[in-house]
Amino acid sequence: MGIVNVTPDSFSDGGRHDTTEAAVAHGRALLRQGADILDIGGESTRPGATRPLVAEELERVVPVIRELAAAGALVSVDTMRAEVAEAALEAGARIVNDVSGGLADPRILDVVAGSEASYVAMHWRAHADRMRDFTDYGPDGVVESVRRELGDRLTAIEAAGIPRERIMLDPGLGFAKQPHHNWELLRALDVLAGLGCPLLVGASRKSFLGTLLVPGGPPRPIEEREHAHAALVALLAARGVDCLRVHDVRATRDALAVAAALAGEGSRDQPREGTR
């Protein structure tokens, strides 16, 4: 899943693709590099971010989705809002990637249930401007807490009419998590897989990688974290993760090719650059 941020303030590449033309060009480039899905987002969820108006989010994502979907891309919309999800599906999106798992706007579940779209539900506790206040996971610890809270969301999502075969779960790395929480979750993905849904993992360029690389110092700059992410991708491939949400599709594909070759699987699923 290649990331297309149509925002001025995303943590990794805010402003680089914040026009329709630039975002569409970036999406096409990610497809050439081997992306299977393009995730189009118009709201930054970096720590401390404030929310755009609904009209702003719609203006950012709908034209990009319409153009890329018309070109044959499998498009996901990264949104927490029912209005945006509905407009995105009408424009050709086939996946709704909701970082709040339906908590920010419960109506989004009805929108997805009334369509044939797939739904990604992430573990979430609060909006970006407050999520740092919700990192206490008590005596149960982060793994059991996330498993339980995602399980509760799964129950609500199915009750809204979205069948399990259309649901994917995301542990929410970096969202109301301290660095050590992210590593604990990554080591326990089998526990989350026990909920019975495919897993999406989004670790690309996140601060817990930057913190790891400079112990005791300021985190490694965002643009210098890709080597660590590629190493993580190769290891996650061996853990059976179903979907990887990434910024650098080429580096991810290279890491997956190495992991497949080492496992004796060859590169039969590796698209050649320029063929998509």
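Values quoted throughout were computed directly from the atomic coordinates according to the rules given, and no laboratory measurement underlies them. As the structure is a computational prediction, the values presented were derived from the model and not from experiment. No Cβ is skipped: glycine too gets one built from the backbone with ideal geometry, and neighbour counts run over all protein chains shown.
A few comments on the model shown:
- Subset of the range 111-150 (residues that are acidic (D, E) and either surrounded by fewer than 17 Cβ atoms within 10 Å (Cβ to Cβ) or free of Cβ contacts under 8 Å to residues at least 24 places away in the same chain (or both)): E116, D129, D133, D136, D140, E144
- Contact map, the range 41-53: residues that are over 18 Å from R125 (Cβ atoms) paired with residues that are assigned to a loop (DSSP other than H, G, I, E, B) and among the hydrophobic types (A, V, I, L, M, F, W, C), Cβ distance under 8 Å, separation 6+ or inter-chain. Pairs shown: G41/V6; G42/V6.
- Of the set (1) in contact (Cβ under 8 Å) with a residue 40 or more places away in the chain; (2) surrounded by fewer than 17 Cβ atoms within 10 Å (Cβ to Cβ); (3) of a type in the set (D, E, K, R), all apply to K177 but (2).
- Lone qualifier among R32, R94, R28, R66 - being among the basic types (K, R) and within 18 Å of the chain's Cα centre (by Cα): R94
- Out of L235, L209, L213, sole residue that is surrounded by 18 or more Cβ atoms within 10 Å (Cβ to Cβ) and aliphatic (A, V, I, L, M): L209
- Filtered residues of the range 64-103 (kept if surrounded by 24 or more Cβ atoms within 10 Å (Cβ to Cβ), closer than 19 Å to G27 by Cα and not aliphatic (A, V, I, L, M)): S76, D78, T79, N97
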